[in-house]
Structure formats: C-alpha cells, structure tokens
1. Wholly within segment A:258-360, which helices (runs of 4 or more DSSP H) include no fewer than the required count, namely at least 3 residues that are crowded, with 19+ Cβ neighbours inside 10 Å?
2. Within segment B:31-39, identify whether any single residue is in contact (Cβ under 8 Å) with a residue 12 or more places away in the chain and surrounded by fewer than 17 Cβ atoms within 10 Å (Cβ to Cβ), and answer yes or no.
3. When you scan segment A:1-120 for strands (runs of 3 or more DSSP E) that lie fully inside it, which ones turn up with 3 or more residues that are more than 30 Å from A:Leu223 (Cα to Cα) and within 14 Å of chain B (Cβ to nearest Cβ)?
4. Among all residue pairs at least 6 apart or on different chains, which show Cβ distances below 9 Å where the first residue, located in segment B:210-222, is more than 12 Å from B:Phe232 (Cβ to Cβ) and the second is assigned to a strand (DSSP E or B) and of a type in the set (Ser, Thr, Tyr)?
5. May I ask you to list the residues in segment B:167-202 that are within 15 Å of ligand 1 (Cβ to nearest atom) and either free of Cβ contacts under 8 Å to residues at least 24 places away in the same chain or part of a loop (DSSP other than H, G, I, E, B) (or both)?
6. For segment B:118-152, which positions are of a type in the set (A, V, I, L, M, F, W, C) and either in a loop (DSSP other than H, G, I, E, B) or farther than 21 Å from B:Gln82 by Cβ (or both)?
7. Just to verify a result, which residue in segment A:255-284, among those that are of a type outside the set (S, T, N, Q) and free of Cβ contacts under 8 Å to residues at least 40 places away in the same chain, is nearest to A:Leu223 (Cα to Cα)?
8. Identify the single condition in (1) more than 8 Å from every other protein chain (Cβ to nearest Cβ); (2) out of contact with any Asp or Glu (no Cβ under 6 Å at 6 or more places or on another chain) that B:Tyr87 does not satisfy, given that it satisfies every other one.
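The values are calculated or read from the model by the stated rules, or taken from the named source; none is laboratory data. Just so it is clear, the structure is predicted and the values come from calculations on it, not from any experiment. Here the Cβ positions follow ideal geometry from the backbone for every residue, glycine too, while neighbour counts run over all protein chains shown.
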Amino acid sequence: MRTIALVKRVCIQMVRDKRTLALMMVAPLVILTLLHFLISSDPNTPRLGVNGAEESLIDELKEKELKVIQFDQLKSPNQLIKVKDLDGVLQMEGDQLNLTLTNDDPSKAKLLQTKVMQAISTVNAKEQATNLAHFVEDIAQQQPNAPINLNQIKMPEMSTSYIYGNSETTFFDQLSPILVGFFVFFFVFLISGIGLLRERTTGTLDRLMATPIQRKDIVFGYLIGYGLFAIIQTIIVVFYATKVLDIMLIGSLWNVILINLALALVALLLGILLSAFANSEFQMMQFIPIAIVPQVFFAGILPFEGMPDWMQIVAKFMPMYYGGNALVDVMYKGFGLNDIKNELFVLLGFALIFIVLNIVALKKYRKI
Amino acid sequence: MTSTIELIQVSKSFGKKNVLKAINIKVDAGQIFGLIGPSGSGKTTLVKIIVGMDQPSTGQVQVLNTQVPNLKLLQSIGYMAQADALYNDLTGQENLAFFASLYKLSKEVKKERIAYAANLVELTPHLSKKVLNYSGGMKRRLSLAIALIHDPQILILDEPTVGIDPELRKSIWAEIVRLKSEGKTILITTHVMDEAEKCDQLAMVRDGEIISNGSPATLKSHYNINSLEEVFLKAGGEKDENNRIS
Ligand SMILES: Nc1ncnc2c1ncn2[C@@H]1O[C@H](COP(=O)(O)OP(=O)(O)O)[C@@H](O)[C@H]1O
Ligand SMILES: [Mg+2]
C-alpha cells in the first residue's frame with residue numbers, strides 16, 4: 001500500500017522530468033547508433049607506394065585489395081608517405097625489398113604488412129613452380145626414356161565455415177550485445193541513484209521516517225517505480241539495436257530482454273545503494289569511474305582468458321561480467337535460456353544481496 | 001494521570017559533542033507544551049528523538065506509554081520539520097496526497113483531510129501549483145498541513161511559524177488552540193518569546209539542558225519578572241553561576 005504510494009510518486013516525478021526521461025530513453029540509442037556506424041564502417045583500403053618491384057609482385061599486391069601506386073623514382077619514403085598520404089612504401093633495391101610503414105594506425109599497418117608478405121610469398125611460390133616445371137622439361141629432354149612422374153601438386157581448395165557469426169561479422173556484432181547491456185546498466189544506475197540521492201539531500205527521506213513507512217517499503221517503492229522505467233528503456237534499447245541497427249541477433253529476443261532486465265535490476269539497486277554514500281549529484285558521478293566503467297572491461301570486450309588470475313577473480317564480482325557473457329551467448333552465439341540460466345541466477349543473487357544491503361543502509365535514518 | 005510524552009534522562013551526543021544532557025520532560029495529554037531556546041540549543045535534536053527519527057545516546061523516550069521508536073506510534077504523531085521537506089516537482093495537492101497515503105486512511109477520509117488541511121493553512125487556491133513556485137511562507141504552511149493530514153493525536157511542530165506573516169501566524173495559533181480543545185497534545189519549539197506565552201507548559205532549553213520549566217505564570221512569579229524573555233536570561237544566568245560554583 002505505502003509502496004504503491006511511493007511508486008506513484010516516483011512515476012509522476014519521472015514523467016515530469018523530461019530531461020532525465022530523455023537521457024534514459026534516447027541517449028543509449030544515440031550512442032549505440034554512433035558506435036554502430038563508427039565500428040562497422042569498412043576500413044578504407046590501405047595505400048601502398050611501390051618502387052622498382054617486378055610486374056608479378058605488383059599484380060599480386062593488387063589482388064590483395066590494396067591501392068597500389070607506382071613510382072618510377074624514389075627520393076625518400078618518408079617524404080613520399082607524407083605528400084601522397086600513403087600507409088606504406090615498398091622499395092626494391094637490388095635483391096633487397098624494403099617496406100616502410102606509416103604506422104599511424106597500428107592495426108592498419110599490421111594488415112598492410114601481412115598482405116605484402118602474402119603477396120611476396122605467393123610470387124615466390126609461383127616462381128618456384130615455374131622453375132620446377134622448366135627443370136622437369138630439361139630432364140625430360142636429356143633423358144627421353146626415363147619416365148618422369150611428377151604429379152603437379154594440387155592446391156587444396158579451402159572453404160571457411162564459422163561456428164559463430166559469418167564472414168560478414170564485424171567487431172561491432174560481438175561488441176554490441178555487451179554495449180546494449182552496458183547502456184541499460186549505466187543509465188538505470190545513474191538515474192535511480194540520483195533519484196534517491198535527491199530524496200536524501202532535500203530532507204524528504206528523513207521526513208519519511210516520521211511516517212509509519214517501513215524501510216523495505218522505501219526500497220521496494222524505488223525498485224518498482226524506477227524499475228518500470230528501466231523495463232521501458234530496456235525494451236526500447238533492445239528493439240532499436242536489433243530491429244533498427246540490425247545488430248546480429250541469433251538467439252531469442254525475449255532472452256535478451258530478460259538478461260537486460262536482470263542487469264537493470266542490479267543497476268537500480270546498486271545505484272540506490274551507492275547513493276547512500278554520496279552527498280551530492282557530483283559525488284554520485286564519482287562512482288561512475290569506480291563502480292561502472294571497470295564493469296565494461298570484464299563484460300567480454302577484453303578476452304577473459306588472457307587476464308591474470310586475480311583479475312579473473314575480480315571479474316566474478318562484476319554483474320556486467322555475467323550480463324555481458326549471457327548477452328554475447330544469446331545474441332551472437334544463439335544460445336538458449338538453458339545455457340544462460342546460471343548467469344541469470346547470479347544476477348538475481350546480486351539483486352537480492354543489494355536489496356538487503358539497501359534496507360540495512362536505511363538504518364542510518366531510522367533503526368526500525 | 002500518565003503522560004503523553006515522557007523523556008527520562010535523555011542524552012545525545014554527536015561524536016564528542018554533547019548536544020542533549022540528561023533531559024527529563026513530561027508532557028500531559030491535552031497540553032500545549034513549548035520548548036523554548038536559542039538556535040543551536042538542541043530543540044530539533046530533542047523532537048527528532050521523540051518522533052523516533054533519531055536515537056538517544058542514553059535514556060528512554062515513551063510516547064503514549066509506548067517505547068520509541070515504534071512504527072504504529074507514528075500513526076498518532078504529526079510532525080512538522082524545521083526545514084521544509086517537500087517534493088518540489090510535485091504540486092501542493094500531490095504532496096498532501098502522497099503523505100496522506102502513507103497513513104491508513106480511507107479514500108473519502110483522505111480527500112476530506114486534504115481539503116481540510118489545505119483550507120486551514122489557506123493554500124486551497126494554490127494546490128495545483130508546483131511547490132517549486134511556492135514562497136517560503138507557503139512551504140511552511142504546506143508542511144504544517146502535511147503534519148495535520150492524518151488527524152494525529154499528538155502534534156510535534158518544530159518552529160512552525162518561522163517565515164509566516166503575523167496574520168497567518170495568528171490563525172495558526174488559533175488552530176493550535178482549537179486542536180488542543182479537541183484533546184490533542186501539542187509539542188512546539190520556538191525561539192520567539194511571545195509564542196511561549198501561549199503555551200500551557202514551558203521548558204527552557206540552553207546548551208542541551210533544561211534550565212527551567214513550568215507554566216508561563218509560574219516561571220514569571222518564580223523569578224518575579226513580567227516577561228519570559230527576562231526569565232530566560234535570568235534562569236540562564238543562575239545556571240552559569242551554579243556552574244561556576246560547582
Ligand atoms: N547530525 C548532527 N551531527 C552533528 N551535530 C549535530 C547534528 N545535528 C545537530 N547537531 C548539533 O547539535 C546542536 C543542536 O542542534 P539543534 O538540535 O538543531 O538545535 P536547535 O534546533 O535548538 O536550533 C547544534 O550545535 C548542532 O550543530
Ligand atoms: Mg531547530
């Protein structure tokens with residue numbers, strides 16, 4: 001009954017606060033859209049300047065989706081790279097091949113280097129094959145009687161298949177499930193935390209303690225009140241990500257919503273819990289780098305197996321670790337409810353612990 | 001007859017600072033009891049302890065023969081805080097309705113009480129405005145209306161008339177006296193001496209101690225002075241002398 005009164009009040013306040021509402025509902029969509037276009041846009045083809053290389057090598061390089069620009073004479077590679085906006089220069093000097101990489105974007109430089117090496121080895125392989133063929137012909141002419149059975153080595157056909165995703169998969173497809181979960185987590189944390197904080201700083205929380213309201217009524221009132229908005233936000237974000245941005249979703253949409261709701265629940269409770277230790281909105285913001293940002297690192301963006309042992313232990317205490325894994329499992333790998341139920345239970349466990357801690361934290365205001 | 005409010009040896013300290021020192025108070029039913037003292041003397045701390053919003057460091061508090069804190073008891077207490085604790089983004093009406101729904105009131109009673117309390121503090125025409133746009137005096141009045149919303153047996157008002165113009169102050173006091181005639185018990189804190197005159201019983205607080213108590217008339221005759229203000233100064237002075245001797 002009293003909880004309902006609180007829920008009603010939270011809803012009225014939220015609906016009146018258009019800015020906060022917009023922050024919660026629209027901001028995640030804007031950020032997701034931006035990231036979507038930033039990350040999944042094709043990297044432009046590397047530009048390689050070439051000087052003195054053989055025709056065969058140049059053909060091979062062109063095969064490798066490189067923009068090859070030939071130069072007849074070459075002064076200094078550095079100068080050329082700057083003037084012509086190249087990503088690298090390949091020079092043939094005698095028998096020596098020199099590759100100069102710009103390396104302003106290391107991942108692009110690595111890619112270019114790999115492609116050049118592949119082209120060189122392909123050319124070498126072809127040359128070797130022709131040499132061998134000539135060699136065989138020569139022998140055949142000199143000893144016409146000897147049977148020469150040199151089977152041409154057939155290049156094995158290779159076809160690639162993918163367990164998860166496909167050849168079109170970009171980094172964004174793997175990243176986006178985590179981002180969807182993280183934005184739900186972040187905005188629910190911030191808004192519910194500041195909501196209860198305002199109640200503390202204006203003295204109304206103290207005033208409530210002079211009424212027969214119970215501490216748990218307050219916690220559940222906030223939980224349900226902000227929870228309603230968290231549900232709406234989750235649904236908007238998930239639908240937008242999967243239907244509008246067309247983020248890869250192989251598993252069930254409902255499982256995605258379920259995981260995000262569990263994350264929102266944890267974020268909401270963590271928000272109101274941490275607000276107990278903040279005296280102003282600014283102090284609430286100070287929790288973001290401490291309590292929220294590290295969660296992203298453990299959510300699956302960075303490979304978990306590569307982390308030091310102690311970091312792997314830390315990860316186990318991060319709600320986003322479970323949420324992120326479950327989301328990648330469902331959206332990218334297409335796992336079902338049964339495969340993610342453990343993660344969901346852990347998230348509910350977090351929620352339960354936070355509910356109890358919240359009720360205890362309110363003891364600061366009234367012992368009963 | 002048993003007291004409505006009884007404090008036995010109540011002390012309170014925040015850290016090392018002793019804010020209340022062994023306070024004994026008895027408030028009888030149907031009285032207007034005034035706590036008078038300069039700001040910083042500990043009045044707010046004392047009333048918060050009576051309501052149960054704060055714990056005494058030592059000592060006991062009983063209200064209606066029930067040990068404080070007690071949730072059921074809060075149904076019988078109307079509390080007006082010194083600092084207005086209102087929801088600024090809600091209207092006056094919504095503030096009243098919210099607090100009303102925290103008490104067990106039927107829908108009709110709730111509506112009736114909201115209309116009554118708003119009318120009493122002359123806020124009826126402003127009920128649909130957001131509290132954000134209220135003046136300081138209007139906020140005080142809304143706080144008072146909220147304290148009255150559930151028709152409590154005991155009213156605890158922490159400096160209710162601060163920032164309220166003389167005319168409205170007069171009508172608020174008339175209402176306090178009327179509530180008393182209904183048999184309600186009222187505990188009021190103030191630092192204004194002329195308000196103290198209107199109380200049945202007074203306790204003068206200074207530095208967390210009760211330096212003198214009794215009805216205004218007794219206090220005046222005891223010190224042989226006509227104004228309570230002087231009583232306060234004199235009682236404080238005697239206290240200082242005693243302190244010096246002991
Ligand atoms: N939460 C608190 N922590 C520390 N000191 C406090 C706290 N609340 C009140 N005080 C101190 O207790 C003293 C009495 O304050 P208060 O009860 O508000 O006095 P009054 O209401 O008579 O003006 C003041 O000196 C004040 O600084
Ligand atoms: Mg005070």
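1. In segment A:258-360, the matching helices (runs of 4 or more DSSP H) lie at A:319-327.
2. Yes, because at least one residue in segment B:31-39 is in contact (Cβ under 8 Å) with a residue 12 or more places away in the chain and surrounded by fewer than 17 Cβ atoms within 10 Å (Cβ to Cβ).
3. On the way: elements: A:47-51, A:67-71, A:88-93, A:96-101.
By residue number, no strands (runs of 3 or more DSSP E) qualify.
4. B:His222/B:Ser212
5. B:His191, B:Val192
6. Here is the first cut: in segment B:118-152, the ones of a type in the set (A, V, I, L, M, F, W, C) are B:118, B:120-121, B:123, B:127, B:131-132, B:138, B:142, B:144-149.
B:Ala118, B:Val121, B:Leu123, B:Leu127, B:Ile149, listed by residue number.
7. Applying the first criterion (of a type outside the set (S, T, N, Q)) to segment A:255-284 yields A:256-259, A:261-274, A:276-278, A:281-282, A:284.
Going one step further and asking which of them are free of Cβ contacts under 8 Å to residues at least 40 places away in the same chain, we end up with A:257, A:261, A:277, A:282.
Details: A:Ile257: 18, A:Leu261: 12, A:Phe277: 18, A:Phe282: 23 Å.
Of everything passing the filter in segment A:255-284, A:Leu261 is nearest to A:Leu223 (Cα to Cα).
8. The failed condition is (1).
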